[in-house]
Amino acid sequence: MRISEAQKTEVRERVLAQARLLFARRDPARVSTREVASAARIAHGTLFNYFPTQEALVLTLLGADLQRAHARFRARRRAGAALEEELFALVAAELEELAGARALALAALSALGPLADAGGVAAELRARELALVAELCATHSSAAPPAHALHLYWSLFLGVLSFWARDASPNGEDTLALLDETTRLVAQLGRGTPRPTGAQV
Amino acid sequence: MNPEPVTSWITSFPAELDARDEHALALADLHERLAGRAPPSGRFVRMWALSTLPAKLFAAYSLGWVRARFGSVEERERARAEAHWQAALYALGTMGYLRGAVTKAGQVLASYPDVLPRQVVELFATLHSEAPPMHFALLRELVRGELGASPEELFAEFEPTAFAAASIGQVHRARLSDGTAVAVKIQYPGIARAIRADLANARLLLLPLRLGRDWENLMEQLTEISRGLEHETDYLREALWTERARAHLIELDDVVVPRVFAGRSSARVLSTELLRGAHLDEFLATKPAQELRDRHAAAITRAGFRLWSSQRMFNTDPGPGNFLFLADGRTGLLDFGSCREFDAQEWELMRLGLRASREGGEAQRESIRRSAQLERLDPDSPQARALHATCEWLWAPLRHQGPFDFGDDDYLAQGVRLFGESLRQGHTRQAPVFVYCLRQFFGVRALLWALGARIDFRAIAEEEYARAGL
């Protein structure tokens, strides 16, 4: 029996919603694809038509969170903000969105690191993030950001995410200090100049 | 760390040097570089930075010494100026980076003109208002973490750029929904724990002295400092102190203590009524008349004695940044984060000091012996003579009939000399409460000196004592 695109979309969304619920209750590493399929009321094998691996499922959820965070970041952008502030605000919006999904973020990290497969959902997610960072850099500099600046951003972003997921400091203040330092460093490279300029830094 | 080198640096700083434009540029450059750093909160990183401060100062001075020894007279002066400036810059650089306890120390030193040469004082003084700022996105997250909502949600208006900065936070203007103008003080992330790490380092650095006879007293004093600095990082405590001071100073027409907005405050965020006025340097730049300067000096003095005698408390940080000179002639008192209340035993010591200041003689000897925590004190010993001289200096305004001239350079210089000599002779043993009492005594005198005040200090004190039944 053929199913319509609308039905496919509905099943896909149902799988994602059920997976999010399960991942919120338990470490994603301890949730099986069979449990996800059962919660979404589909056959175990059918799940793989939508998500070839559990990793893909986790990354898709993370990607959706990050996209919402990007939209929030854009809505909040402040005129006159320096590049370091914009980068900080971007990651802060992402962490705010992920606040209830630390375990999900941790589970996604291994699939996003430098040794991960370059293709698939992980690559899309990385490309989306870096395109936004490049766009921000471009608004603060006449030249495009050097490739190594974006690579460094990605490495540091994953480092901040990993630190944040385990940060036990009051109100995550250690993450804020780390993020502050990180984004200032990336902003220097992203601008292509050694010194901070512009508004308040 | 032996405290002696600190005294040596202070006394070896040259007295007079000319400011140069390139120094201002160097300072600006340093600030820009510092702006790229967050305060390091790891204990060993901070310890490394602290340990290298003496090394940097030593290098700057030894280089200057070599050049001065082999240069002409004119070159010698120039070399001294350069060495001096380099040392100050290095010190400021380290302080700006650490931002915590060390920066507070810089601010305390800046309150003592003439202990340090003018350029160093000016540099330290910049810490009152020029610490590296936090940008709005960081503030937003800090406020959200503390108060559960962003500044845009909590305030009708919020200025993203700070109008004042200090060692552990920065202050923003904002407006409540009812139109009230407020000052919102926000603390650097991690600074409270960073300060605790600094103090733990200080204990480690002091370990080589542990066999000395005053080791226990030294540790008690360090505990006192630790407690004071930790209190300064707790804005909820500051809110309570501010409210208490406000309640007891509200009757004084010449004094204003800002209201606290508890619903917009937490341990790391403090919202208070915004007072509009000039800071000390701006106020003095207007060349105010003697009468106006005296009015402010009298208000500051009376407020201090009122809290001391009726509440048994005092503000340990009378730095110039904590006073505002209002256009209507009133004085705004800011920042009650470092208040100290006396316990029963300390209050008895204060009462004895009060009696000693009035009577001298045996009461003075007893007060000094007990303040120095000594079983006995030979009245002819150098220590007794140094302590008596310091007390005579401290109590001179309380014993003087009529207006006392705090603007007299000789008076302040004498106090600084006595204090320095006392340190050089190793007389650091004292009841822990005096760590902050001395800071307050010297700080207030330095402030009154800067104002060139001529006020009847004794009359104000006695009126306040009488009011409290002392």
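The values are calculated or read from the model by the stated rules, or taken from the named source; none is laboratory data. All values reported here derive from a predicted model rather than from experimental measurement. Positions of Cβ are generated from backbone atoms using ideal geometry, with glycine treated the same way; all protein chains shown enter the neighbour counts. To get the accessible areas, we keep the full protein, side chains included, count just its heavy atoms, and leave off ligands, DNA and RNA. Shrake-Rupley method; radii C 1.70, N 1.55, O 1.52, S 1.80 Å.
Loop-located GluC sites (Glu not before Pro) across the stretch B:251-352 with a Cβ neighbour count of 11 or fewer within 10 Å are B:Glu251, with loop assigned by DSSP.
Leaving ligands, DNA and RNA out of it, rank B:Asp409, A:Asp167, B:Asp380 by accessible area with a 1.4 Å probe, largest first. Kindly include the intermediate steps, with their values, before the conclusion.
On the way: B:Asp409 90, A:Asp167 30, B:Asp380 115 Å².
Ranked list, largest accessible area first: B:Asp380, B:Asp409, A:Asp167.
Going by Cα centres, the stretch B:277-320 and the stretch B:260-276 are how many Å apart? Going from one Cα centre to the other spans 22 Å. Any chance you could check the Cα centroid distance between the stretch B:362-416 and the stretch A:50-88 for me, in angstrom? So the separation of the two Cα centres works out to 66 Å. Computed with a 1.4 Å probe over protein heavy atoms only, the accessible area of B:Asp178 comes to about 110 Å².
Within the full protein context, the accessible area of B:Trp308 is estimated at about 40 Å² for a probe radius of 1.4 Å. Taking all protein chains as shown and a probe of 1.4 angstrom, B:Asp281 keeps an accessible surface of around 110 Å².
What does the charge dipole of chain A about its Cα centre add up to, to the nearest 20 debye, if the Cβ of each Lys and Arg holds +1 and the Cβ of each Asp and Glu holds -1? Each step should come with its number before you reach the end.
Working: 23 positive and 22 negative charges, 117 e Å.
Charge dipole, chain A, about its Cα centre: 560 debye, nearest 20.
Arrange the residues B:Ser309, A:Ser142 by how much accessible surface each exposes, largest first, with a 1.4 angstrom probe. Let's see the in-between values first.
Working: B:Ser309 10, A:Ser142 130 Å².
Sorted by accessible area, descending: A:Ser142, B:Ser309.
Please report, in debye to the nearest 20, how large the charge dipole of the stretch B:277-470 is about its Cα centre when each Lys and Arg carries +1 at its beta carbon and each Asp and Glu carries -1 there. Don't skip to the answer; put the middle values down first.
Details: 25 positive and 27 negative charges, 44 e Å.
Using Cβ point charges on Lys, Arg, Asp and Glu, the stretch B:277-470 gives about 220 debye.
Qualifying trypsin sites (Lys or Arg not before Pro) in the stretch B:228-290, where qualification requires a DSSP coil assignment and no more than 10 other C-beta atoms within 10 Å, comprise B:Arg276.
When the alpha-carbon atoms of the stretch A:1-51 are used, the pair Rg, Dmax equals 11.1, 36 angstrom.
Loop-located trypsin sites (Lys or Arg not before Pro) in the stretch B:337-434 (DSSP state other than H, G, I, E, B) with a sparse environment of at most 14 neighbouring Cβ atoms within 10 Å: B:Arg376.
What value, in deg cm²/dmol to 500, does the helix sum -39500 (n - 2.57) over DSSP H runs of n ≥ 4 give at 222 nm once divided by the residues of chain A?
Numbers: 9 runs with 144 residues, N = 201.
Result for chain A, helices only: -24000 deg cm²/dmol.
Between A:Leu83, A:Leu109, A:Leu21, the Gaussian network model of chain A with springs among Cα atoms under 10 angstrom shows the greatest mean-square fluctuation at A:Leu21. Selection among A:Gly100, A:Ala168, A:Phe48 by position relative to the dipole of chain A gives A:Phe48 as farthest towards the positive end (Cβ unit charges, Cα centre).
Assigning unit charges at the beta carbon (Lys, Arg +1; Asp, Glu -1) and nothing else, what dipole magnitude in debye, to the nearest 20, does the stretch B:358-402 show about its Cα centre? Before the final figure, lay out each step's value.
Values: 7 positive and 7 negative charges, 26 e Å.
Charge dipole, the stretch B:358-402, about its Cα centre: 120 debye, nearest 20.
For chain A, the longest principal axis of the Cα atoms and the long axis of helix A:83-97 meet at an angle of about 20 degrees. Principal semi-axes of the equivalent ellipsoid, √(5λ) from the alpha carbon gyration tensor of the stretch B:277-470, are 29, 18, 16 Å from largest down.
Placing B:Lys185, B:Lys287 in order of accessible area, with the largest value first and a 1.4 Å probe, yields B:Lys287, B:Lys185.
Would you please calculate the Kirkwood hydrodynamic radius of the stretch B:380-470 over all C-alpha pairs and express it in Å, rounded to one decimal?
On the way: mean 1/r = 0.0703 Å⁻¹.
Result for the stretch B:380-470, one decimal place: 14.2 Å.
For the stretch A:54-190, the Kirkwood hydrodynamic radius from C-alpha pairs, put into Stokes-Einstein at 4 °C and a viscosity of 1.567 mPa s, yields a diffusion coefficient of 86 µm² per second.
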